[in-house]
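Structure first, then comments.
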Amino acid sequence: MIEVAELSALPAPAIDEVSVVRPQDSLRISVLGFPELSRELLIGYSGAFQFPLIGMVQADGRTPLAISEEIAARLRGDYVVNPEVTVDVLEQPGRLLTIGGEVTRPGRHEVAGPMTLLEAVATGGGTTDTAKLSEVLVFRTVGGQRYIGLYDLGAIQRGNYPDPLVYAGDIVQVGDSPTLRRIQAITALAPLVTTPIILLDRVLR
């Protein structure tokens, strides 16, 4: 059952997947003044990696800052007097956004950082000449609840309302779709001019 939610925007994911490290990410770890400890490495499927002198470090679900602080703490004293450790993410191949419908290059695209809806559509090659800009859906699941945002790209481009952020794991659908027809059939929607419309997609039990 789809119903209108009393929300002004789609809720953000509990964890921004771009901000945390996951298996198969590539990292560069630097220890100032100790080039023999600095290295680039790939996070294995276990979510952990081996680091000289201190052994295994758990990375899955943690920010680069938290990882650097743990390495510094474990090196401090016995190995390095006052270690300065930095962790940089080189690649995050598992962060994907799905873009479908009336775009030039539909499919799954990597999210390398914060991205707005307009930027996401541009990543998909932009809209086709016949695209219905007023019929753009963003699907997102947060805390087990599926949300749908209905947006008007033309209104966003005109500055009628802000360009919303999208995240890895979102699905963006431009133009006509079965879900959109379902929404239009069961929900009285005013024209999208000054605000998006946020809906809840509830599973009937």
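The values are calculated or read from the model by the stated rules, or taken from the named source; none is laboratory data. Here the structure is a predicted model, which is why all the values come from computation and not from measurement. Methodologically, a virtual Cβ is constructed for each residue, glycine included, from the backbone with ideal geometry; neighbour enumeration extends over all protein chains shown. Accessible surface areas use protein heavy atoms only, side chains included; no ligands, DNA or RNA. Shrake-Rupley method; radii C 1.70, N 1.55, O 1.52, S 1.80 Å.
Structure summary
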item: Those strands (runs of 3 or more DSSP E) lying entirely in region 99-182 with at least 2 residues of a type in the set (Phe, Trp, Tyr) and closer than 13 Å to Pro196 by Cβ; result: 145-151
item: Selection count where residues are surrounded by 14 or more Cβ atoms within 10 Å (Cβ to Cβ), in a helix (DSSP H, G or I) and free of Cβ contacts under 8 Å to residues at least 40 places away in the same chain, scope region 48-65; result: 0
item: Of all residues making up region 103-118, the number that are more than 22 Å from Asn160 (Cα to Cα), within 17 Å of the chain's Cα centre (by Cα) and either open to solvent by less than 20 Å² (accessible area, probe 1.4 Å) or hydroxyl-bearing (Ser, Thr, Tyr) (or both); result: 2
item: Number of the condition not met by Met1 [criteria: (1) under 23 Å from Ala112 (Cβ atoms); (2) open to solvent by 20 Å² or more (accessible area, probe 1.4 Å)]; result: (1)
item: Residues of region 15-46 satisfying the condition of being closer than 17 Å to Leu90 by Cβ and part of a loop (DSSP other than H, G, I, E, B); result: Glu17, Val18, Ser19, Val20, Val21, Arg22, Pro23, Gln24, Asp25, Ser38, Ile43, Gly44
item: Hits in region 119-136 (condition: surrounded by 19 or more Cβ atoms within 10 Å (Cβ to Cβ) and more than 16 Å from the chain's Cα centre (by Cα)); result: Thr127, Ala131, Glu135, Val136
item: Selected residue (criterion: nearest to Leu96 (Cα to Cα)) from residues of region 140-156 that are free of Cβ contacts under 8 Å to residues at least 40 places away in the same chain and open to solvent by 20 Å² or more (accessible area, probe 1.4 Å); result: Thr141
